[in-house]
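To keep things clear, I will list the structure first and then write my remarks on it.
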């Protein structure tokens with residue numbers, strides 16, 4: 001009997017040693033009772049040869065063994081003890097597996113978290129539509145506007161601070177159809193946009209006289225309408241004011257325009273004004289008749305006035321000669337007044353080899369004549385003479401502007 005009991009205890013001690021080492025290496029829980037070591041229950045065996053376990057069970061297993069599960073049942077046969085140790089190992093492995101699963105879930109959750117700083121930077125770097133210009137502070141209006149000093153020279157260009165928009169003044173004079181001051185300009189952008197005139201500001205001349213806009217055109221139509229403007233292209237505009245000026249320059253002029261919702265406010269100073277030449281040539285009822293520029297470098301010779309017998313309407317011919325090679329422009333707006341006060345307005349015009357109803361440009365070579373002609377709208381009157389004849393003819397530069405004017409012209 002004692003031999004059998006000893007074999008059982010040897011088997012139990014071996015199992016406890018294996019279980020104890022395993023649990024001491026892996027399990028680190030503190031028992032719920034608050035003690036630093038789990039106490040094994042006291043067991044007794046009726047047989048005097050059976051060892052007694054009390055306290056921490058040091059009599060059974062050499063060395064300290066910390067375990068988080070109660071000791072297996074040591075009463076009865078050794079099979080219960082082995083079964084208990086096996087359950088403890090299984091539970092321990094399950095706990096370790098749960099810890100690994102938990103750590104894996106934590107790692108996966110950590111990888112899914114986003115850095116708030118990276119999210120904020122991503123929001124700050126959100127893209128903006130390239131075709132829509134914005135100012136540095138993100139505002140839709142250009143609050144600050146510089147003034148371009150033209151220095152009494154044209155053309156004169158104003159460029160926005162973001163370098164996206166330009167407006168160029170090309171002409172200012174009294175040559176409008178109604179004899180009042182008119183200013184011509186062109187605009188361009190480096191992006192595709194829609195443009196319109198918000199407000200065409202008044203102009204001031206060097207004597208302080210103000211001029212209010214009476215009519216405005218952009219792209220040949222109403223300037224208040226939106227006009228499509230492609231990047232790199234040019235759109236022409238003009239402003240006609242309410243009166244003429246006798247001054248030689250405008251001290252200031254500004255205009256407000258919409259560029260795809262952004263307000264552009266070009267401002268200019270010292271814009272030269274071509275006050276039409278007041279000198280005239282008195283033909284004394286004899287043709288040809290010669291008009292000369294104030295500088296004496298260009299002559300315009302009126303060679304004929306008549307045509308009623310062949311066409312039933314007035315026609316005039318002329319020749320331009322310059323000391324240097326220049327480009328000459330002829331525009332609609334020629335006006336003849338008969339001795340009875342009847343006005344004849346130019347309709348079709350010819351300059352060199354070109355003809356049409358609008359502005360014509362041709363090259364006048366130094367020392368050679370450049371010929372031109374104007375056909376006027378029909379009138380019932382057939383005059384015998386003209387009191388005066390004015391041609392919209394000039395060197396194709398912003399300034400100076402000519403005003404070839406003849407008086408006392410015979411009808412041939």
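Every read-out reported here was derived from the displayed coordinates using simple, explicitly stated rules and does not represent laboratory data. Quick caveat, the model's predicted, so the values are computed rather than measured. Positions of Cβ are backbone-derived with ideal geometry, glycine not excepted, and every protein chain shown enters the neighbour counts.
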For this session: For residue 353 and residue 313, calculate 0.36 nm times their separation in residues minus their Cα-Cα distance, and state this gained length in nm to one decimal.
Result: 12.2 nm
Seminar exercise, completed: Within the stretch 281-410, the percent of DSSP beta bridges that are antiparallel, given to the nearest 5, stands at 95 percent
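Sorted by average packing, counted as other Cβ atoms within 10 angstrom per residue and highest first, what order do 206-217, 324-335, 259-270 take?
On the way: 206-217: 14.3, 324-335: 17.2, 259-270: 19.5.
Packing proxy ranking, top to bottom: 259-270, 324-335, 206-217.
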Exercise. What length, rounded to one decimal in nm, is gained on full extension from residue 279 through to residue 161, with 0.36 nm per residue of separation minus their alpha-carbon distance?
Worked result: 38.1 nm
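Quick one: divide the alpha-carbon radius of gyration of the stretch 220-266 by 2.2 N^0.38 Å and tell me what you get.
Rg over 2.2 N^0.38 Å, computed on Cα atoms: 1.44.
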Exercise. Going by how many other Cβ atoms sit within 10 Å of their own, how do 153, 322 line up, fewest first?
Worked result: 153, 322
Exercise. Across 10 Å bins from the origin, how do the percents of Cα pairs in the stretch 216-297 run, short distances first?
Worked result: 12, 30, 25, 18, 12, 3, 0
Problem set entry | Simple spin-label estimate for residue 361 and residue 210 in nanometres, 7 Å along Cα-Cβ | 3.6 nm
Seminar exercise, completed: Fewest-first ordering of 388, 284 by Cβ atoms within 10 Å yields 284, 388
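Under 8 Å for C-alpha pairs, at least 6 residues apart: give me the relative contact order for the stretch 288-412, rounded to a whole percent.
This gives 28 percent for the stretch 288-412.
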